[in-house]
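Reading through the structure tokens given below for one structure.
The values are calculated or read from the model by the stated rules, or taken from the named source; none is laboratory data. Please read all numbers here as calculations on a predicted model, not as lab measurements. Cβ placement follows ideal geometry from the backbone for every residue including glycine, while neighbour counts extend to all protein chains displayed. Just the protein is used for accessible areas: all its heavy atoms, side chains included, with ligands, DNA and RNA removed. Shrake-Rupley method; radii C 1.70, N 1.55, O 1.52, S 1.80 Å.
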Amino acid sequence: MTIRRVPFDEIPQSLRDELTTAGLDAGEVYDAVELALDEDLPSAAPGEMPSEDVTSVATIAPDSTGIGVFAAREDGVVAGLGVAELVFAYVMGDSVTVTDRVKDGSKVKAGDVIMRIAGPTRGLLTAERTALNYASHLSGVATGVAAWTEALEGTGAQVLDTRKTLPGFRALEKYAVRCGGGANHRMSLADMALVKDNHIVAAGGAVQAYEAVKFAYPDVPIEVEVTTLEELKALLDAGCGRIMLDNMSTAMMKEAVEITAGRAVLEASGGLTLDRAREVAETGVDYLSVGALTHSVKVFDIGFDLSEG
């Protein structure tokens, strides 16, 4: 089967609006889907026959229609179902109908139907894997984050993501973090100055690095990483309003909170694990930043089952 490659402005307005409301750039999501489908069915060069899903073309009658069901095979939190719907719309246009789609961020149980798609059978099977790749990966992020959110409940601390994301997937993965109840750290290197150990070495010290950034970019938020309480005290005296406590013991973080006494936002970072989450949060830090939310994702198991329409 060749795919429709529906233009962006013909994707249902309601779906584009939904993605925008979720904090995503609908055009960028569309472009990502287009690239993903090109991996399965590369665009034909001038004068060449279009790529086809040879298996579906050989085994399925062109007028066959079907209904595909996305169902959760485990408990968790779903995300990316709107992106999955966009995949089907891109492949089949207005010949596809999506119903019973669960809202992103919803908790689901194993066996729950989370989306139902009706349309040409060839198109359903051609789009299936790309749609599942988005939904399974992003639901995996959301499910993992939800476990951290639950562990921190009632402490006042919140879990943060990092820039340890798959290239090209940052906006979507950070969206999935929000679906799981987490918060986003900076999106890019320009959003916030995050002074880490190598910057400190290059600048000649934590305070020197902080002051250099403040002078160069007075309107940009600044966070500085520290590994000792002496660095913490010096930065507080310099007026730094956000400080990262890197690889500190629980006892040391608790002391850092007492020293800070509300003068700065404190973020715990480095080697944090879910079984330590509540212990760290109860020191009084404001945030726990966890790269594993996105760099060590366990894919959420979603099944796709087809029946004749």
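Helix content alone sets the calculated 222 nm mean residue ellipticity of the chain: runs of n ≥ 4 DSSP H residues at -39500 (n - 2.57) each, divided across all residues, give -13000 deg cm²/dmol. Across the range 170-304, C-alpha contacts under 8 Å between residues 6 or more apart give a mean separation that, scaled by the residue count, equals a relative contact order of 16 percent.
Using only alpha carbons, the range 150-296 has a radius of gyration to Kirkwood radius ratio (Rg to Rh) of 0.96.
Rounded to the nearest whole Hz, the Karplus-based 3J(HN,Hα) values (6.51 cos²θ - 1.76 cosθ + 1.60, θ = phi - 60°) of the range 81-88 follow the sequence 6, x, 5, 4, 5, 4, 4, 5, with x at glycine and proline. The antiparallel fraction among DSSP beta bridges confined to the chain stands at about 50%. Using the Cα centre of the range 181-248 as origin and beta-carbon charges of +1 (Lys, Arg) and -1 (Asp, Glu), tell me which of Y217, G181, T227 is placed farthest towards the positive end of the dipole. The one lying farthest along the dipole's positive direction is G181. Of the residues D25, D53, D286, the one with the largest accessible area comes first in the ranking D25, D286, D53, computed with a 1.4 Å probe on protein heavy atoms.
Dividing the mean sequence gap of close Cα pairs (under 8 Å, 6+ apart) by how many residues the chain holds gives a relative contact order of 21 percent.
Counting charges near F8 (Lys, Arg +1; Asp, Glu -1) among other residues having Cβ under 12 Å from its Cβ returns a value of -4. Each residue of the range 237-250 was assigned a 3J(HN,Hα) from its phi angle through the Karplus curve 6.51 cos²θ - 1.76 cosθ + 1.60 (θ = phi - 60°); the sequence is 5, 7, x, 5, x, 8, 9, 9, 8, 9, 6, 8, 5, 4 Hz, with glycine and proline shown as x. In the range 218-309, a dipole from Cβ-located charges (positive for Lys and Arg, negative for Asp and Glu) runs towards its positive end, and of A238, G271, H295 it is A238 whose Cα lies farthest in that direction.
Placing a pseudo-label 7 Å from each Cα along the Cα-to-Cβ vector at A44 and M187 gives an inter-label distance of 3.8 nm. For the listed peptides 114-127, 36-49, a ranking on the average number of other beta carbons within 10 Å per residue, highest first, reads 114-127, 36-49. Taking the average, over residues, of other Cβ atoms within 10 Å as the packing measure, peptides 266-275, 240-249 rank 240-249, 266-275 from highest down.
Taking the protein heavy atoms of the chain in the context of the full set of protein chains, the accessible area attributed to carbon and sulfur is 52 percent at 1.4 Å.
If only the Cβ of Lys and Arg carry +1 and only the Cβ of Asp and Glu carry -1, the dipole of the chain around its Cα centre is close to 400 debye. Filter K174/K298; K103/K164; K107/K298; K196/K233; K107/K174 down to the pairs with a C-alpha to C-alpha distance above 20 Å, please. Exceeds cut-off: K103/K164. Ligands, DNA and RNA excluded, the heavy atoms of H137 present near 30 Å² of accessible surface to a 1.4 Å solvent probe.
Converting phi to 3J(HN,Hα) with the Karplus coefficients 6.51, -1.76 and 1.60 and the offset θ = phi - 60°, the range 158-167 yields 10, 8, 10, 8, 9, 8, 7, 10, 5, x Hz in sequence order, with x at every glycine or proline.
Close amide H pairs (under 5 Å, H built 1.01 Å from N) link G66 with G119, T121, G309, residues at least 5 positions away or on another chain.
Backbone amide hydrogens, once placed in the peptide plane, bring M248 within less than 5 Å of S269, excluding anything fewer than 5 places away on its chain. The candidate values are (i) 18.6; (ii) 20.6; (iii) 21.5; the one derived from this structure for Kirkwood radius over Cα pairs in Å carries the label (iii).
Taking every protein chain into account, the accessible area of the range 150-296 amounts to 49 square angstrom per residue (probe 1.4 Å). Against the chain, whose longest principal axis comes from its Cα atoms, helix 170-179 is set at around 80 degrees.
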